[in-house]
1. Taking 0.36 nm per intervening residue step and subtracting the Cα-Cα distance, what contour gain separates I5 from A17 on full extension?
2. If I take R0 = 41 Å and measure r between the Cβ atoms of I96 and S154 in this structure, what FRET efficiency does the formula 1/(1 + (r/R0)^6) give, to the nearest 0.05?
3. Taking a 31 Å limit on the Cα-Cα distance, which of the listed pairs K51/K165; K37/K165; K37/K75 fall beyond it?
4. Multiplying the sequence separation of T135 and E67 by 0.36 nm and subtracting their Cα-Cα distance, what value in nm do you get?
5. Which residues among the stretch 161-179 fall inside the zone where the amide N is under 17 Å from a point 7 Å beyond the Cα of D59, along Cα→Cβ?
Amino acid sequence: MNRPIARLYAFVLLLFALLVAFTSNWAVFAADDLETKAENKRPLLEQQKIKRGEIRSADGELLAVSEPVGKGEQKRFVRSYPTGELFGHPVGYSFIDQIAGIERSENDVLVGKENEFATIIEQLTGSTEEGSDLTLTLDAGAQRLATDLLSRQSSPGAVVAIEVKTGAIGVMASTPGYDPNLIPGLSAELNNPPPGTPPV
């Protein structure tokens, strides 16, 4: 092999090695950093294809449920909250790039990440990925009573009732409340202000 061809071969080999190194860095070593970056919306969009688990109160009332929207490749799940503002503060909300409350703290359970084996089987069989259901220690009846009593006060307030022996939280109510079902609309309104609105 003459010297120019050997140099060219070595150069191509070096470029190939650099390509493998950079690809491996992004795909393997820096994958976790890329996934947690705020600018990376892919994990959030992928989570919209997973049917999040239901959230229920200790007395069985449905607090959060995922409903399908669209069909085929466009199918995704949108969260809704049947009790509205009654459990807004403790349960929170989960909408694309906005997540708060129990929806955030128990996200891995609700999207099924706590059972990686089941997730792999769902991917191989092509079935819809589903999260696990969650039952809270909060009691819907007691929550209603606390919210009703707080709303009769002239000033805002909060009530937390804890079972002393177990540490279980039975009530977590505060006024004024908010309806998590309205979050997507409010977010769109804030991100797309009417023409002529002064900058903030």
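1. Values: separation 12, 0.36 × 12 = 4.32 nm, distance 1.82 nm.
Extra length from I5 to A17 when fully extended: 2.5 nm.
2. Details: r = 38 Å, r/R0 = 0.92.
The computed FRET efficiency comes out at 0.65.
3. K51/K165; K37/K165
4. On the way: separation 68, 0.36 × 68 = 24.48 nm, distance 1.86 nm.
22.6 nm is the gain from fully extending T135 to E67.
5. Residues passing the 17 Å test: 161-163, 169-174.
Each reported figure results from applying straightforward, stated rules to the coordinates on display, with no laboratory input. Model, not experiment: these values are computed from the prediction. Note that we place each Cβ from the backbone using ideal geometry, even for glycine, and neighbour counts take in every protein chain shown.
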